[in-house]
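Student: Input: one structure, supplied below.
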Amino acid sequence: LRQQAATGAELLRQTFIKESRWQRVQQEYERTYQHSGFRIRNTSAAQEVKNLAKNLTQVVSRKMRAIKELVTFAESAAASYIPNPAIEESQVSYIDAKLVEESDPRMEYDRMFLQKVVKNQSSVHIPVETYKGDVKVLNDIYWSNELDKVFYSNKRKDPELLWQFYGSQNGIFRMFPGMKWRQPKGKIDVYDVRRRPWSGSMHGQALDLTKLAVVSLINTLGENDFVAVAQYPGRQVTTDHTAKPHLLRDAVPEESKSNGTCFRSFVQATKRNKDRLFAQINDLSAYGIVNFYEAIDFAYSMFEEFYKAPVNNHGALCNSMIMIFTDGDVSDSMDETRQLIRTWRNRSALLDKIRIFTYSVGQHQNPTEPLLEVACSNRGYFAEIPAMGAVTSQVEVINLNADALRTILIAFMCALRLRHF
């Protein structure tokens, strides 16, 4: 064994010398040492760690000092500012991060940020569901313009300081130096600083509202959560209409004659999986007539299949939720739906724990009492999302009514199908 070990060690040594070009590296070091100011000094790992810790402490101290100065100034400015209830957009000057162009003369390329920025002024991002002309928003922007003085002062004191940010309770997000907000093409801008980690047929504004609400919800999920998104086309209205409920599919060219690919069950809410779900949601369009009974039945069957699957990555199963978004009338099948839910809940303890959240989307005349009844009788929550401004508050309600570890099935009602390009 000793001989074999020695032979193996020698083989490894020769392989290392050959593959690492060790002799060439040694020659280069010697040449550099002889012909330049390069010097070799003795040191120890303990000393290097000590020096590194000292330098890191100095860096962190400078950043902390900048943060404290910004906090102190912001608290003082906010406390002393008297809100103007009659303030108008024309009275507030700021750089809109979404609208500013790269060609703007104030934008200069900075090697430290590897992009064009406005070096002496911050830019402002406003969430898509927040009205820019809202009095609270305008007052927030007005008084927080003063923060640019501290941003600029901090940068002068510490040239190595990178981005500086400020976020308000009304969703205002300031970035210094000012930059252009870049949103990937084809994706919905759901960024909201307050949520960081974490019509008969549904079209037009109702469909856009639903997409935004679902994307916002998924965006709050972490890798401990599992999620599935399904569409429920409802009763068949034309021969080319797929009436059966199913999980979302990827969009595919029409000439391929393919149904697209879809997740087969719940998936972990990783960034990659969420991005794929966002793309699938973005490619949905409305179709068909609501069938609440089939929607509930499909959702429970997906949970039962998930629970019985022979895998160990189900998470903690702390909270299981069905979330249904619809603008349709579900009252005609309520008797059958009530009995169906009772049947499913009696099948197992895990199925009995599932909570149902229902959301009435858009402005319509359909009765909402059935949705309220289903949610309240299944330990859930009912909410209305009549306009963009309600999206944030209702998504926050979801987080307030559930623990951290979740398994969620999100249901689009009012018949949605994929658009083919």
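Every read-out reported here was derived from the displayed coordinates using simple, explicitly stated rules and does not represent laboratory data. Computed from a predicted structure; not experimentally measured. Neighbour counts are summed over all protein chains in view; Cβ atoms, including those assigned to glycine, are modelled from backbone coordinates with ideal geometry.
Student: Could you pull out every residue, at least 5 positions away or on a different chain, whose amide H is within less than 5 Å of the one on residue 115? Hs are placed 1.01 Å off N in the peptide plane, and Pro or chain starts have none.
Tutor: Close amide H contacts, sequence-distant or interchain: 110.
Student: Multiply the residue gap between residue 157 and residue 132 by 0.36 nm, knock off their C-alpha separation, and tell me the result in nm, one decimal place.
Tutor: 5.6 nm
Student: Between residue 307 and residue 282, what length comes free when the chain is fully extended (0.36 nm per residue of separation minus the Cα-Cα distance, one decimal in nm)?
Tutor: 6.1 nm
Student: A further question on this structure: Between residue 334 and residue 265, what is the FRET efficiency for a Förster distance of 41 Å, r being their Cβ-Cβ separation, to the nearest 0.05?
Tutor: 0.90
Student: At a temperature of 37 °C and a viscosity of 0.692 mPa s, determine how fast segment 58-179 diffuses translationally according to Stokes-Einstein, using the Kirkwood radius over alpha-carbon pairs as Rh; express D in µm²/s, rounded to the nearest whole number.
Tutor: D, rounded to a whole number, is 216 µm²/s.
Student: May I pose another question? Measure off 7 Å from each Cα along the Cα-to-Cβ vector at residue 79 and residue 110, then give the distance between these two points in nanometres to one decimal.
Tutor: Simple spin-label model gives 3.0 nm for this pair.
Student: Here is a follow-up. Highest mean first, what order results for 355-362, 72-79, 2-9 on Cβ atoms within 10 Å?
Tutor: Per-residue Cβ counts within 10 Å, averaged per peptide and sorted highest first, yield 355-362, 72-79, 2-9.
Student: Follow-up. Using mean Cβ contacts within 10 Å as the protection proxy, how do 17-28, 60-71 order, highest first?
Tutor: 60-71, 17-28
Student: Still on this structure, please answer the following. Give the order of 368, 270 when sorted by the count of other beta carbons within 10 angstrom, beginning with the fewest.
Tutor: Ascending number of Cβ neighbours within 10 Å: 270, 368.
Student: For residue 91 and residue 149, compute 0.36 nm times the residue count separating them, minus their Cα-Cα distance, and round to one decimal in nm.
Tutor: Stretched fully, the residue 91-residue 149 segment lengthens by 18.9 nm.
Student: Shifting gears a bit: Among 274-284, 89-99, 103-113, 167-177, how do they line up from the highest to the lowest mean number of other beta-carbon atoms within 10 Å?
Tutor: Ranking, from highest mean packing down: 167-177, 274-284, 89-99, 103-113.
Student: Next up: Mind giving me the nanometre distance, one decimal, between the label points for residue 189 and residue 13, set 7 Å out from Cα along Cα→Cβ?
Tutor: Each label point lies 7 Å from its Cα, and together they span 6.4 nm.
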